[in-house]
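Rule-based calculations on the coordinates, nothing more; no lab input. Model, not experiment: these values are computed from the prediction. When we count neighbours, we look across all protein chains shown, and the Cβ atoms used for this are built from the backbone with ideal geometry, even at glycine.
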Amino acid sequence: MLRDNQGEELQLSDWFNPRHRPDVVRTTSRLAPVMWEGTFSRQELEKHFREQNLTLGLVVLAPGGLAERYLELFLRSANKYFMTGYRVVFYIMVDDLDRLPDLDWGPLRQFRVLPVSEDSWPHDLHFVRLRSLGEQIVQGIRGEVDFLFSLTVTQLFQSAVRVEALGASVAPLHAWWYFKNTEGLPYERRPKSAACIPLGRGDFYYDSAFAGGTPLRVLDLTGSCLEGVARDRRNGLNSTYERYLNKYFFLHKPTRLLSPEYNWDADHHPPPQVQRVKVAQQAKRGLWATAGEAPRFPATWRILKRPSFQRHQH
C-alpha cells in the first residue's frame with residue numbers, strides 16, 4: 001500500500017526567489033529549482049508541509065569497516081540536522097548488528113535495521129545499495145514513508161536539511177563538477193554502454209552519494225540503473241554507478257536539484273558561492289572528530305583557484 005499525503009501542490013513562486021542569488025545557477029532549462037542558501041523561504045515551505053502529516057525515510061548502507069568508522073558520526077549528525085520536527089524513520093543496512101551504535105534518538109525519530117548478508121556484497125557497494133534499496137522499497141518502505149532519501153555513510157550533516165529538499169525526484173549537483181564546463185563532464189561516452197550520454201549532450205553532473213524523492217521515483221531510479229548494469233554485463237561492458245545515475249537523470253529530469261552546499265567535499269575549501277555547507281563528505285584526512293562540528297578549513301588544505309568557480313549558465 002502506498003502513502004498519499006502529497007496534498008495541494010505549492011506554487012514555486014510562493015517560496016522560491018532566485019533573484020537573491022544571481023551568482024549561481026538557480027533553475028534548470030525546465031524550471032526545476034536549484035536549492036542554494038538564500039533562494040527559498042523555509043517558513044512558507046514549513047507552512048505547506050506541516051499540514052500533510054509527513055513521514056520521511058533516510059536509508060544508509062554501512063557494511064563491515066564502514067560501520068565501525070563512519071556510522072555513529074553519520075547517525076548523530078542526521079539525528080541533529082535532518083528534517084527536525086518531522087517523523088523520520090532511519091533505515092540502517094548493516095551486515096553485523098553488533099556494529100550498531102547506541103544513540104539517544106530525538107523526538108519523532110525511530111530506526112529500523114535492515115540486515116544484509118555479507119555474502120551478497122559485490123565489489124561495488126553502490127550497486128549493493130541500489131539493489132538492497134529497491135528490494136526494501138518493494139517489501140515495505142513504500143507504504144511507510146512519503147519521501148525517501150538514500151545517502152552514503154561517509155557523509156556528515158553540518159547544518160539543517162529540511163523541507164526545501166523535498167520533491168518528487170531529488171538530485172544533488174556534484175560539488176566538484178558543478179564548477180566545470182559541461183564539455184568536460186565525466187559522463188559515460190561509449191555508445192554501446194547503457195550509461196552513455198552522447199557527446200555534446202548533458203547539462204549537469206549529479207553526485208551518487210545523495211538521492212531522494214517519493215519512494216516510487218526512487219524505486220524507478222534503482223531499477224533503471226540496475227537494468228543498465230545487467231545489460232552492460234551481458235555485453236562485456238561495465239561503468240560506474242554514478243554514470244548510470246547520470247544517464248537516468250539525463251532521461252528523467254529531477255524535479256528538485258540540491259546545490260553543492262548539500263554534498264560538499266571536505267577536502268576542499270568552499271568557494272564564495274557555497275555560503276553554508278549543509279552536508280559534507282568526511283575529509284579523507286580525518287580532520288573531523290565529532291559529528292555536527294562546524295566545518296574547519298585549515299590553510300593547509302588545497303584551495304581551488306577562484307577563477308575556476310564560474311559555472312556556465314544553461
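Any idea what the dipole of the range 76-165 comes to, in debye rounded to 20, about its Cα centre with Lys/Arg Cβ at +1 and Asp/Glu Cβ at -1? Please report the intermediate quantities before stating the final value.
On the way: 10 positive and 12 negative charges, 91 e Å.
Computed charge dipole of the range 76-165: roughly 440 debye.
Ranking Tyr178, Gln136, Leu148 by Cα position along the charge dipole of the range 116-206, where only Lys, Arg, Asp and Glu carry charges on their C-beta atoms, puts Tyr178 farthest toward the positive end. By the beta-carbon count within 10 Å of each Cβ, the least crowded to most crowded order of Trp177, Trp36, fewest first, is Trp177, Trp36. Beyond 22 Å in Cα-Cα separation lie the following of the pairs Lys180/Lys247; Lys80/Lys253; Lys180/Lys253; Lys80/Lys278: Lys80/Lys253. Using all pairs of distinct alpha-carbon atoms, the Kirkwood hydrodynamic radius of the range 174-294 works out to 15.9 angstrom. If you put +1 on each Lys and Arg Cβ and -1 on each Asp and Glu Cβ, how big is the dipole of the range 12-308 around its Cα centre, in Debye rounded to 20? For this selection, approximately 1000 debye. Computed from backbone phi with θ = phi - 60° and the Karplus coefficients 6.51, -1.76 and 1.60, the 3J(HN,Hα) list for the range 127-138 is 6, 5, 4, 4, 5, 5, 5, x, 4, 6, 4, 5 Hz; x is used for glycine and proline.
Annotation: the residues Lys247, Lys192, Lys47, Lys180, sorted from fewest to most other C-beta atoms within 10 Å of their own C-beta, follow the order Lys192, Lys47, Lys180, Lys247. Using a simple spin-label model with pseudo-atoms 7 Å out from Cα toward Cβ, Leu108 and Val138 lie 3.3 nm apart.
I need Leu245, Leu103 ordered by Cβ neighbour count within 10 Å, fewest first.
Details: Leu245 24, Leu103 15.
Arranged by neighbour count, lowest to highest, Leu245, Leu103 become Leu103, Leu245.
Using only the Cα atoms of the range 171-236, build the gyration tensor, take square roots of its eigenvalues as a ≥ b ≥ c, and label the shape rounded, prolate or oblate: rounded if a/c is under 1.5, else prolate if a/b is larger than b/c, else oblate.
Details: a/c = 2.49, a/b = 1.08, b/c = 2.30.
The shape class here is oblate.
A P(r) calculated from all alpha carbon pairs of the range 12-308, with 5 Å bins opening at zero, reads 1, 5, 12, 16, 19, 18, 15, 9, 4, 1, 0 percent. Annotation: peptides 199-211, 231-243, ranked by per-residue average of other Cβ atoms within 10 Å with the highest first, follow the order 199-211, 231-243.
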